[in-house]
Amino acid sequence: MMRPVRTLSWTAGLLVVLIAVTIVSAALGPVRIDPTVVAKATLNAVIVPSGIVTESATTIPGLGWTVPVPALEYVPVFGFDVPDTHQTIVADIRLPRIVLASVVGFALAAAGAVMQGFFRNPLADPSIIGVSSGAAAGAVAAIAFPALVPFGSLHLSAFIGALATAFLVYAIATEGGKTPVATLLLAGVAIQAFLGAMISYMLVHSGDDLRQAVIWMMGHLHNSTWSDVGFALPFAFVGVIVLCAYARELNVLLLGEEDAHHLGVDVERTKLLLLALSSLVTAAGVAVAGVIGFVGLVVPHIMRLIVGPDHRILLPTSALAGASFLVATDTIARAGPAEVPVGIVTAALGAPFFLFLLVRREVHSV
Amino acid sequence: MTDTPRPDANGGAGPEPATVSVEDVSLSFGDLSVLEAVSLSVEPGEFVGFVGPNGAGKTSLLRSISGALEPSAGTVEISDTNVHDVSSRRSSRLVAVVPQDTSLSFSFPVRDVVEMGRHPHRSRFSPPSDDDRAAVERALERTRTAELADRPIDEVSGGQRQRVVLARAIAQETPVLLLDEPTASLDINHQIETLEVVRELVADGRTVVAAIHDLDLAARYCDRLVLLADGTVHTVGPPSAVLTTETLAETFEANAAVTPNPVTGTATVTALPHGTSDGAESGRAEPGEATDGGRTPSAHVVGTGSTAAGVLTRLERAGVDVSIGPIPGGDVADETARRLEVDRIAVEPFARPSASDRAALDERVRGADVTVVADLAVGATEDGRRLLESIETAERLVFVERRPPEERIDGNDVRRRYEDCRERAVEATPESVLEAVRATLRRRSET
């Protein structure tokens with residue numbers, strides 16, 4: 001089969017799987033809801049802008065003027081008949097969490113595929129250059145010492161911590177316009193160790209906030225809201241699209257940097273761009289969901305096994321498979337007898353499966 | 001040997017021919033100077049080989065031309081474009097590289113690997129054009145890898161893989177092609193096959209520069225050779241002018257014999273063991289040390305090939321009064337004997353030894369203290385039996401054998417007589433021949 005056709009059919013197939021997993025997931029929970037009702041309630045939640053209203057008003061601080069602010073007005077597209085309680089459970093409680101899980105899974109799996117190719121190392125995952133540790137340091141600081149953190153929100157603090165760490169590691173590893181991959185890896189390990197010490201120190205002195213901080217670090221999607229989705233989705237979506245546009249460069253980089261240079265790839269610029277984008281995508285994911293391990297490691301490996309090493313098909317399929325994987329594991333995490341952080345489920349399921357593949361010799365280096 | 005660009009056999013589908021000019025290029029890694037003021041120019045449609053000992057700077061010079069290494073001084077221009085001043089996209093349309101080894105441990109289909117050669121010609125979002133597809137198919141055909149096109153690259157053999165990487169470089173359709181040790185990991189058959197493909201590309205007007213380890217292959221396929229030593233250009237010119245015993249002795253510090261290849265007519269280099277110039281390796285062999293009680297011992301060598309040449313060199317360097325023969329012209333041992341100015345019984349190639357040759361042999365064997373038989377080839381012929389007869393008269397024998405006897409000895413009676421001689425001989429290797437000669441001499445003084 002021609003590769004573009006193959007890519008399209010795999011992408012379409014995995015999208016169908018994602019929708020199916022979403023509907024099944026939204027049906028499960030303390031209150032069982034019929035999947036057809038879930039589908040209707042989901043469609044009811046779709047709104048489109050219908051016009052501009054200027055009814056809301058705001059007061060400009062200092063001047064005391066009250067001015068009308070234009071805003072978009074939304075109307076629902078569909079009007080299926082769904083009981084109010086079910087509509088609320090699906091649209092306001094379960095869907096935000098499910099959509100957030102899919103966004104985070106999408107981001108982490110795509111970033112993991114990029115990092116494994118970039119480092120030509122099967123052990124690489126999205127947090128290899130310290131992005132997750134940076135996010136954790138930012139988040140724990142915001143939880144344990146809110147007074148010291150200038151940015152109010154936990155998300156923003158984790159996001160900035162993640163990006164700052166990625167930038168620091170890159171800056172340390174770069175010399176004379178070149179960033180050797182091995183140095184990058186070592187700088188990442190060193191910074192992660194240092195941040196680990198900082199996090200432990202903060203945890204020791206976090207007092208009553210210890211539990212909240214530890215749960216954040218395990219990775220969870222509890223109490224997700226549409227505003228969380230609004231925070232992570234743009235970065236994840238745009239980031240992964242641009243990464244997909246660089247799939248051919250990633251393929252050529254697999255041959256080694258010197259070969260890639262001879263094949264017309266601006267190696268250092270491409271490396272910077274790939275690192276920046278995958279760090280951004282990872283940061284957006286971990287900022288809203290905490291450190292969820294194994295999605296970025298296992299999903300790209302499984303997809304590479306199925307669709308092959310070509311990043312033009314591997315990237316989009318890993319992203320979509322990662323989305324379905326995290327929605328499914330989060331469903332187990334929340335619908336089980338007692339809710340647990342989803343990070344526990346991904347690792348508990350992902351690690352044995354990965355070992356199974358390893359023992360079967362199905363997993364090779366990139 | 002071509003000074004003018006040849007017409008393109010693909011009817012203009014190939015790239016414009018280009019000149020490579022390297023001017024005063026110096027390169028160093030930290031304090032270590034790798035290249036010093038290297039200048040050379042390669043004409044369009046010419047195949048130039050870089051030869052020289054390990055560490056001479058062949059690969060570094062190649063990588064400087066490709067743009068992978070930035071020289072600390074000097075310029076590299078391909079058709080008036082400085083490859084270090086332009087983007088990698090631009091330079092990769094001028095020069096393609098076949099590296100010594102490519103990490104290909106992932107299962108891309110062969111066709112996809114070759115298609116990567118089109119990367120510099122493609123825009124980010126458009127699918128491959130008809131030109132791209134045609135270039136990939138042509139490259140596959142040319143390197144005879146078309147039948148492998150759908151196989152994963154990690155499942156083809158090393159020789160096939162090297163051709164796939166060559167196909168990738170061909171698909172790049174650049175006027176200049178650089179090859180780093182293109183034959184290093186190939187068997188003899190694939191070496192020739194690869195270089196024949198390269199030769200075809202040169203015939204189409206491509207300019208090819210290759211670092212080649214194998215001097216014989218370099219002499220056979222390159223129009224000109226650049227002999228590098230210690231980061232500088234030692235000699236440039238046609239292979240016959242560059243590969244001489246003198247230049248090789250100076251650059252490789254090797255004791256080598258250069259003879260014309262009887263089949264191709266190009267230079268063939270045979271490296272010989274060091275004599276006294278390398279005392280540690282040859283085992284304390286100081287000049288004159290082999291002398292016995294003030295008298296210079298004498299030895300006559302019967303045999304051919306590099307074994308005989310090695311034995312001859314060692315004995316001569318150790319001060320033994322040595323002679324050789326009968327030896328056919330063109331043989332490595334003959335060339336060595338001529339260079340060492342050793343007394344030799346020369347026979348025309350493929351001619352039968354004359355009666356006077358036989359008499360000379362008998363006389364040499366009788367006159368010498370020791371007769372050394374080095375990889376002797378004897379057939380079940382009258383000449384062969386006559387040769388053995390002379391050897392049988394020798395009082396003291398040393399046998400040096402590297403090639404298996406069944407390849408050299410023919411006929412039952414001949415073999416039996418050869419083995420009888422070996423029975424009473426001291427057996428030795430080319431390295432230990434001197435000790436063996438001494439041992440036979442001691443045996444004489446004891447009796």
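The values are calculated or read from the model by the stated rules, or taken from the named source; none is laboratory data. Note that the structure is a prediction, hence the values are computed from the model and not measured. Neighbour counts run over all protein chains shown; Cβ positions are idealised from the backbone, glycine included. The accessibility values were calculated without ligands, DNA or RNA, using every heavy atom of the protein model including side chains. Shrake-Rupley method; radii C 1.70, N 1.55, O 1.52, S 1.80 Å.
Here are some notes:
- Potential extension, B:Ala134-B:Thr393 segment - 0.36 nm per residue separation minus Cα distance: 86.0 nm
- Compactness relative to 2.2 N^0.38 Å, alpha carbon Rg of chain A: 1.05
- The protein assembly as shown - share of DSSP beta bridges that are antiparallel (%, nearest 5): 50
- Using the rule -39500 (n - 2.57) for each DSSP H run of four or more residues, divided by the residues of the protein assembly as shown, the 222 nm mean residue ellipticity is -15500 deg cm²/dmol.
- Distance from the stretch A:157-200 to the stretch B:122-191 (C-alpha centre basis), Å: 39
- Protein accessible area in the stretch A:114-264, 1.4 Å probe - carbon and sulfur %: 71
- Dipole magnitude (debye, nearest 20) for the protein assembly as shown, charges at Cβ of Lys, Arg, Asp, Glu: 2520
- Estimated inter-spin distance, B:Arg442 and A:Ile215, nm [label 7 Å along Cα→Cβ]: 9.1
- Euclidean distance between Cα centres, the stretch A:1-54 to the stretch B:377-447, Å: 90
- Alpha-carbon centroids, the stretch B:36-50 and the stretch B:320-364: separation in whole Å: 41
- Three-way shape label, the stretch A:253-312, alpha-carbon gyration tensor, a/c 1.5: oblate
- The stretch A:168-222 - Kirkwood radius from inverse mean 1/r over Cα pairs (Å): 13.3
- When the convex hull of its Cα atoms is viewed from all sides, chain B shows a mean projected area of 26.3 nm².
- The length gained on full extension between A:Met198 and A:Asp266, counted as 0.36 nm times the residue separation minus their Cα-Cα distance, comes to 20.8 nm.
- Per residue, the accessible area of the stretch A:188-320 comes to 35 Å², computed with a 1.4 Å probe over protein heavy atoms only.
- Mean per-residue shielding of peptide A:253-259 is 6, counting Cβ atoms of other chains within 10 Å of each Cβ.
- Kirkwood analysis of the Cα pair distances in the stretch B:298-443 returns a hydrodynamic radius of 14.8 Å.
- For a straight C-alpha distance cut-off of 26 angstrom, the lysines reachable from B:Lys58 (same-chain residues fewer than eight places away being disregarded) are A:Lys178.
- Mean projection of the Cα convex hull over all viewing directions, computed for the stretch A:231-366: 8.9 nm².
- Two-site label geometry, A:Val24 and B:Ala380: point separation in nm, points 7 Å out along Cα→Cβ: 8.1
- Solvent-accessible surface of the stretch B:20-243, taken per residue with a 1.4 Å probe and all protein chains present: 36 Å².
- Ranked by the mean number of other Cβ atoms within 10 Å of their residues, highest first, the peptides A:292-303, B:355-366, B:49-60 fall in the order A:292-303, B:49-60, B:355-366.
- Viscosity 1.306 mPa s, temperature 10 °C, Stokes-Einstein D of the stretch B:20-243 from Kirkwood C-alpha radius, µm²/s: 89
- When the charge dipole of the stretch B:16-99 is built from unit charges on Cβ atoms (+1 for Lys and Arg, -1 for Asp and Glu) and taken about the Cα centre, the candidate among B:Ser72, B:Asn54, B:Leu35 whose Cα reaches farthest toward its positive end is B:Asn54.
- The calculated pair-distance distribution of the protein assembly as shown uses every alpha carbon pair, bins of 10 angstrom beginning at 0, and gives 2, 11, 16, 15, 14, 12, 10, 8, 5, 3, 2, 1, 0 percent.
- Heavy-atom accessible surface of A:Trp226, to the nearest 10 Å², is about 110 Å², with a 1.4 Å probe and all protein chains retained.
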